[in-house]
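Peer 1: Let me give you the structure first, and then I'll get to my questions.
The values are calculated or read from the model by the stated rules, or taken from the named source; none is laboratory data. The shown structure was predicted, so the numbers you read here are calculated from the model rather than taken from an experiment. Cβ placement follows ideal geometry from the backbone for every residue including glycine, while neighbour counts extend to all protein chains displayed.
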Number of protein chains: 2
Amino acid sequence: MDRLGHEVLAAVLQVRSWSLQVLLWQRAKEPQAGHWSLPGGQLGATEDVEASVRRQLAEKVDVRQLSHVEQLQVFSAPNRMPGARVLATAFLGLVPSDNDPEIPADTRWFPVDALPATAFDHHAIVLRARDRLRSKLSYTNLGFALAPPSFTISELREIYAAALGHRVSATNLQRVLSRRGQLEPTGQTAVSGPAGGRPAAVFRFTCRDMFITDPFAVLRPPTTRR
Amino acid sequence: MDRLGHEVLAAVLQVRSWSLQVLLWQRAKEPQAGHWSLPGGQLGATEDVEASVRRQLAEKVDVRQLSHVEQLQVFSAPNRMPGARVLATAFLGLVPSDNDPEIPADTRWFPVDALPATAFDHHAIVLRARDRLRSKLSYTNLGFALAPPSFTISELREIYAAALGHRVSATNLQRVLSRRGQLEPTGQTAVSGPAGGRPAAVFRFTCRDMFITDPFAVLRPPTTRR
DNA sequence: TCAAAAGTGTTCTGCCTACACCCATGA
DNA sequence: TCATGGGTGTAGGCAGAACACTTTTGA
């Protein structure tokens, strides 16, 4: 065999209603009719895989506001789908929590920890996307990709807590991100809630492209001169 | 387009002569005759990409002692090679420093920081493999894949220094790896050198499968009960 | 004046680096 | 007993978690 099909698949993640959710599309036809699958499609002749996944998401599910896209891994088991062999390049895509993309009738958002019956190996892809996101929130500035353009620390804490799957302290979150130079105040303050309380300062991320903030924990290069 | 070629390519890295080196193969035919390229080949019909890369390395360059193999990324630029389009799944492969595989006449080891003229996008693949290795030495037990079955701390320091590209303190290396439970003494001691000196204790890695030793640096789950 | 929410000060802990010092061997 | 290399003790620093405390608002 030297010619085979190649598709791109995207696990598009967004924090919605205090949980990390993924966009899935319900299959109308066999195989696996009724099962839910990741958006994507065949790689085009003149595009690389990243361009392809961005195009497919824009065309098929009208998701254009991707704040971050990164390749996860190739899934290549010979029997991963019935019929002619198809390889898949899987992607992680992120959408800021203030966006609500128009999606077709046969697509829905599902919490990543409560997936419906999924098609083929798509369940594994979603879990891999989730784990990649969780890791990178720790050692990169990737929070910008889940957050709106500006936010209070409380709002940001909700987003991090949903993405990470555990409670997050607003105090420590602010300190960690500030020390790393990821946050800057906009100067504005949010309005207090109905129950009163001190109005929150509004922040934004200083950079909206991903970079590594915590390069290596151990075995650093020596600092000694000579 | 819905049928296309797919190859697997491996950046096989090994610490040789105090430097991190990669195995390259010199192209005899056009395109890019004379340039050096990564070992690999077409994906077979009944194998996944990892099985394929292991098979190709065993067949073509007689490398069978791979201590670790992991997928890096798909390279898919439409013009990455002339002629019919071919996607490539790139891998990182590691060989322990005490092995010296039999390699064909047209293959050679090169330091990753002094590569010859390379074919296509293979230079980028080597750099990516190098960076992946360097990162993982910090937060996983991946050192086992570069080290012989047993070694002194000094020998291990040489290996880490070559792989990381900077000096490494034997003191701190031992402490970090011991604290993480990666090392255990074999009970043996090495013989002293010609100039005397205290004989070194011999160690081995407790586990020879990769796992993460330093899961997340920040934003850990809260430890508070209830 | 009180409750609620935001933000800061401070302590504690654990991990890593650096470096001084002690140990075991061959000549 | 001295040089050589191996190994340990220990101090310093830094980053993160936890929590007490202060600040600022609405009612």
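Peer 1: Please work out if B:Ala124 is surrounded by fewer than 16 Cβ atoms within 10 Å (Cβ to Cβ), within 24 Å of B:Val168 (Cβ to Cβ) and of a type in the set (A, V, I, L, M, F, W, C).
Peer 2: Spelling it out, it is not the case that B:Ala124 is surrounded by fewer than 16 Cβ atoms within 10 Å (Cβ to Cβ), within 24 Å of B:Val168 (Cβ to Cβ) and of a type in the set (A, V, I, L, M, F, W, C).
Peer 1: Given (1) touching a strand residue (DSSP E or B) at 6+ places or on another chain (Cβ under 6 Å); (2) under 26 Å from A:Arg179 (Cα atoms); (3) outside any helix (DSSP H, G or I), where does A:Phe110 come up short, assuming only one miss?
Peer 2: (2)
Peer 1: Conditions: (1) in a strand (DSSP E or B); (2) crowded, with 19+ Cβ neighbours inside 10 Å; (3) more than 11 Å from DNA strand D (Cβ to nearest atom). B:Phe203 meets all but one. Number of the miss?
Peer 2: The number of the failed condition is (3).
Peer 1: Okay, moving on. Give the number of residues within segment B:132-166 that are in a helix (DSSP H, G or I) and closer than 25 Å to A:Thr213 by Cβ.
Peer 2: Within segment B:132-166, residues that are in a helix (DSSP H, G or I) and closer than 25 Å to A:Thr213 by Cβ number 13.
Peer 1: Do you know which of the residues in segment A:176-223 that are of a type in the set (Lys, Arg) and within 14 Å of chain B (Cβ to nearest Cβ) is nearest to DNA strand C (Cβ to nearest atom)?
Peer 2: Initially, segment A:176-223 is screened for residues of a type in the set (Lys, Arg), giving A:179-180, A:198, A:204, A:208, A:220.
Now narrow it down to the ones that are within 14 Å of chain B (Cβ to nearest Cβ): A:179-180, A:220.
Working: A:Arg179: 12, A:Arg180: 15, A:Arg220: 4 Å.
Looking at the filtered set, the residue picked out is A:Arg220.
Peer 1: Which is surrounded by 18 or more Cβ atoms within 10 Å (Cβ to Cβ), touching a Lys or Arg at 6+ places or on another chain (Cβ under 8 Å) and at pLDDT 95 or above, of B:Leu156, B:Leu177, B:Leu183?
Peer 2: Numbers: B:Leu156 fails: touching a Lys or Arg at 6+ places or on another chain (Cβ under 8 Å); B:Leu177 fails: touching a Lys or Arg at 6+ places or on another chain (Cβ under 8 Å).
Testing whether each residue is surrounded by 18 or more Cβ atoms within 10 Å (Cβ to Cβ), touching a Lys or Arg at 6+ places or on another chain (Cβ under 8 Å) and at pLDDT 95 or above leaves just B:Leu183.
Peer 1: Consider segment A:2-33. How many of its residues are in contact (Cβ under 8 Å) with a residue 12 or more places away in the chain and in contact with a strand residue (DSSP E or B) (Cβ under 7 Å, 6 or more places away or on another chain)? Even if it seems obvious, please write down each step before you answer.
Peer 2: The initial filter retains those residues of segment A:2-33 that are in contact (Cβ under 8 Å) with a residue 12 or more places away in the chain, namely A:4-16, A:18-28, A:31-32.
Subset that is in contact with a strand residue (DSSP E or B) (Cβ under 7 Å, 6 or more places away or on another chain): A:4-14, A:16, A:19-27.
Looking only at that region, the number is 21.
For (1) of a type outside the set (Val, Ile, Thr); (2) more than 9 Å from every other protein chain (Cβ to nearest Cβ); (3) in contact (Cβ under 8 Å) with a residue 40 or more places away in the chain, each residue gets a yes or a no:
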position: A:His35; (1), (2), (3): yes, yes, yes
position: A:Gly40; (1), (2), (3): yes, yes, yes
position: A:Asp48; (1), (2), (3): yes, no, no
position: A:Val53; (1), (2), (3): no, yes, yes
position: A:Leu57; (1), (2), (3): yes, yes, yes
position: A:Leu66; (1), (2), (3): yes, yes, yes
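Peer 1: If the requirement is being within 16 Å of DNA strand D (Cβ to nearest atom) and among the basic types (Lys, Arg), which of these qualifies: B:Arg108, B:Arg134, B:Arg179? Spell out the reasoning first.
Peer 2: Details: B:Arg108 fails: within 16 Å of DNA strand D (Cβ to nearest atom); B:Arg134 fails: within 16 Å of DNA strand D (Cβ to nearest atom).
Testing whether each residue is within 16 Å of DNA strand D (Cβ to nearest atom) and among the basic types (Lys, Arg) leaves just B:Arg179.
Peer 1: Which of the residues spanning segment B:79-103 are facing chain A (nearest Cβ under 10 Å), more than 17 Å from B:Val53 (Cα to Cα) and buried (at least 17 other Cβ atoms within 10 Å of the Cβ)?
Peer 2: Matches in segment B:79-103: B:Arg85 only.
Peer 1: Within segment A:167-175, does at least one residue satisfy the condition of being within 16 Å of DNA strand C (Cβ to nearest atom), under 20 Å from A:Val15 (Cβ atoms), in contact with a Phe, Trp or Tyr (Cβ under 6 Å, 6 or more places away or on another chain) and assigned to a loop (DSSP other than H, G, I, E, B)?
Peer 2: Looking through segment A:167-175, at least one residue is within 16 Å of DNA strand C (Cβ to nearest atom), under 20 Å from A:Val15 (Cβ atoms), in contact with a Phe, Trp or Tyr (Cβ under 6 Å, 6 or more places away or on another chain) and assigned to a loop (DSSP other than H, G, I, E, B).
Peer 1: Could you tell me how many of the residues in segment A:180-203 are under 24 Å from the mean Cα position of the chain (by Cα) and either assigned by TED's automatic domain parsing to the domain that holds A:Pro96 or over 13 Å from A:Ser154 (Cα atoms) (or both)?
Peer 2: 5
Peer 1: Of everything in segment B:5-53, what is under 24 Å from A:Asn79 (Cα atoms) and surrounded by fewer than 19 Cβ atoms within 10 Å (Cβ to Cβ)? Give them in sequence order.
Peer 2: First pass over segment B:5-53, keeping only residues under 24 Å from A:Asn79 (Cα atoms): B:5-10, B:40-53.
Those that are under 24 Å from A:Asn79 (Cα atoms) and surrounded by fewer than 19 Cβ atoms within 10 Å (Cβ to Cβ): B:Gly5, B:Gly41, B:Gln42, B:Gly44, B:Ala45, B:Thr46, B:Glu47, B:Glu50, B:Ala51.
Peer 1: Determine which single condition A:Asp121 fails, assuming it passes every other condition in (1) within 12 Å of DNA strand D (Cβ to nearest atom); (2) touching a strand residue (DSSP E or B) at 6+ places or on another chain (Cβ under 9 Å).
Peer 2: (1)
Peer 1: What do you reckon, is B:Ala124 farther than 20 Å from B:Asp209 by Cα and in contact (Cβ under 8 Å) with a residue 12 or more places away in the chain? If you could, list the steps in order and put the result at the bottom.
Peer 2: Values: farther than 20 Å from B:Asp209 by Cα: yes; in contact (Cβ under 8 Å) with a residue 12 or more places away in the chain: yes.
Yes.
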